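J.: One structure coming up, written as structure tokens, with questions to follow.
Taken together, the values in this text are just the output of simple stated rules run on the coordinates, not laboratory data. What you see is a predicted model; the values in this text were computed from it and never measured. Here Cβ is always computed from backbone atoms with ideal geometry, including for glycine, and neighbour counts include all displayed protein chains.
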Amino acid sequence: MTPILSPQELTLLRKIPYTLSERLENRLEEVVSFSGTHGNYCVGIVDMVGSTKVSAHLSKEKMTKYYSIFLNGMAMIAKDHGALVVKSIGDSLLYYFPKTSDYDPKHFICPLKCGFSMIDCSDIINMKMKEHGLPTVRYRVSMDFGGVMLANSVSSPCDDIFGSTVNVCSKINRLAKPDEMVIGNDMYQIVKDFDEYSFKITEDYSLGLSQHYPVYTVSRK
């Protein structure tokens with residue numbers, strides 16, 4: 001049965017679509033403002049594994065602490081290695097390394113060290129979790145290099161980043177096992193000759209159609 005609306009409700013319903021279309025037609029509200037700045041950077045994402053299932057059994061206070069310990073710990077490590085932290089996305093952290101824009105291989109050592117520092121600190125992170133009566137956490141790291149667009153958000157003092165590199169970095173993260181790091185082929189081409197690391201090809205990430213993108217697991221020699 002169709003609900004009967006009052007004349008006032010009908011008037012409001014008719015007005016809403018018109019108001020929205022008028023706003024879109026005449027003036028887009030700049031919630032996100034693209035500065036036109038772009039460049040090539042190493043982008044990283046560290047993502048918790050299975051946190052949704054784990055956090056479902058926590059109180060709001062404990063859930064807040066659970067994510068806070070992880071995200072703030074990872075952000076501190078990223079900053080210590082020269083990264084700019086962009087934002088948290090649910091249970092993951094997005095960051096990038098400004099110095100890598102010059103393609104100088106020496107500036108790609110810090111991103112790799114950053115990834116392994118995050119993995120190495122899992123015992124400390126989980127010790128903090130235990131102190132607060134929280135479950136342990138496992139996570140994985142992904143990185144890639146490529147074009148990024150910078151934008152300003154009215155809700156954040158930090159620049160946001162957009163582009164296919166960010167998208168690929170996010171999607172290849174699932175190819176890493178817990179406590180592992182993977183990198184995309186564009187970053188691999190720059191760091192593949194580093195003596196202190198070894199690289200093993202894993203599953204290809206499909207970019208659509210017939211094109212596949214090689215992804216590599218990184219380990220220390």
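J.: Per-residue HN-Hα couplings for region 61-69, Karplus 6.51 cos²θ - 1.76 cosθ + 1.60 at θ = phi - 60°, whole Hz, x for Gly and Pro?
T.: After applying 6.51 cos²θ - 1.76 cosθ + 1.60, I find 5, 5, 5, 4, 5, 4, 6, 5, 4 Hz.
J.: Would you list 175, 112 from fewest to most Cβ contacts within 10 Å?
T.: 175, 112
J.: Provide the per-residue ³J(HN,Hα) series for region 175-185, in order, calculated from phi with Karplus coefficients 6.51, -1.76, 1.60 and θ = phi - 60°, each as a whole number of Hz, with x at glycine and proline positions.
T.: For region 175-185, the Karplus-derived couplings read 7, 8, 6, x, 6, 10, 10, 10, 10, x, 4 Hz, x marking Gly and Pro.
J.: Need one number: nm distance between label points at residue 138 and residue 194, each 7 Å from Cα along Cα→Cβ, rounded to one decimal.
T.: Between residue 138 and residue 194, the simple spin-label model gives 2.4 nm.
J.: Give me the net charge for the shell around residue 43: Cβ to Cβ below 11 angstrom, other residues only, Lys and Arg +1, Asp and Glu -1.
T.: Its environment carries a net charge of -2.
J.: In whole Å, what is the distance between the alpha-carbon centres of region 94-119 and region 67-88?
T.: Cα centres, region 94-119 to region 67-88: 13 Å.
J.: Return the subset of 65/171; 60/113; 60/177 for which the Cα-Cα distance in this structure is over 32 Å, preserving the input order.
T.: Where the Cα-Cα span goes over 32 Å, the pairs concerned are 60/113.
J.: Hey, fewest Cβ within 10 Å first, where do 74, 129 land in order?
T.: Result, fewest neighbours first: 129, 74.
J.: Under a 5 Å amide H to amide H cut-off, with H placed in plane at 1.01 Å, what residues pair with residue 202 once short-range neighbours are removed?
T.: Counting only residues 5 or more places away or on other chains, the set is 215, 216, 217.
J.: Roughly speaking, what is the stretch gain from residue 179 to residue 220, that is 0.36 nm per residue apart minus the C-alpha to C-alpha distance, in nm to one decimal?
T.: 13.5 nm
J.: While we're on this one: For residue 62, give me every one of the lysines with a C-alpha distance below 25 angstrom, ignoring sequence neighbours fewer than eight places off in its own chain.
T.: Excluding near neighbours in sequence, the set is 53, 87, 128, 130.
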